[in-house]
Amino acid sequence: MKRAQIVIDNTANKDLVILEMLSELHRKDYKLKFRREATCLYCFELRDWIWPENFTVDESYYFEEIFNPDLDRTLYAISLSQGGKGFLIDACNVYMDNISPEMMEKIRIK
């Protein structure tokens, strides 16, 4: 799995870098949009819940904002076991008490 940490000096720069990364992932066919739930992912296009055993994180990019850690984000490139690829943008450290151990292990939240 490819992992990278990108340090950003302000929100505008972070948003621009995230958009550039999303564009690159889109070119690699990561087109589905996911939302993290407590025990699974929700896919908007498929209108379905994806359980941890049914997806793999291929790449992740951690965007650390220097002046406001509450705005840190992680971008995940995700492949589904039944086919299809997509992305998840997750707010770091938000609602951390509301995630199952399986999801924590799968997306490797520390």
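Every number here is computed from the coordinates shown, using simple stated rules; none is lab data. None of these values were measured; they are calculated from a predicted model. Neighbour counts run over all protein chains shown; Cβ positions are idealised from the backbone, glycine included.
For the reader, a short list of remarks on this structure follows.
- Extension gain for the segment SER81 to ASP58, taken as residue separation times 0.36 nm less the Cα-Cα distance, is 7.1 nm to one decimal.
- Förster radius 22 Å - calculated FRET efficiency between ARG108 and PHE44, Cβ distance, rounded to 0.05: 0.45
- Whole-Å distance, taken between Cα centres, linking region 38-80 and region 17-35: 11 Å
- Hz values of 3J(HN,Hα) by residue in region 44-53 - Karplus curve (6.51, -1.76, 1.60), Gly and Pro given as x: 5, 5, 7, 6, 8, 8, 10, 7, x, 6
- Shape box of region 27-69 [Cα atoms, principal axes, largest first, Å]: 37, 29, 18
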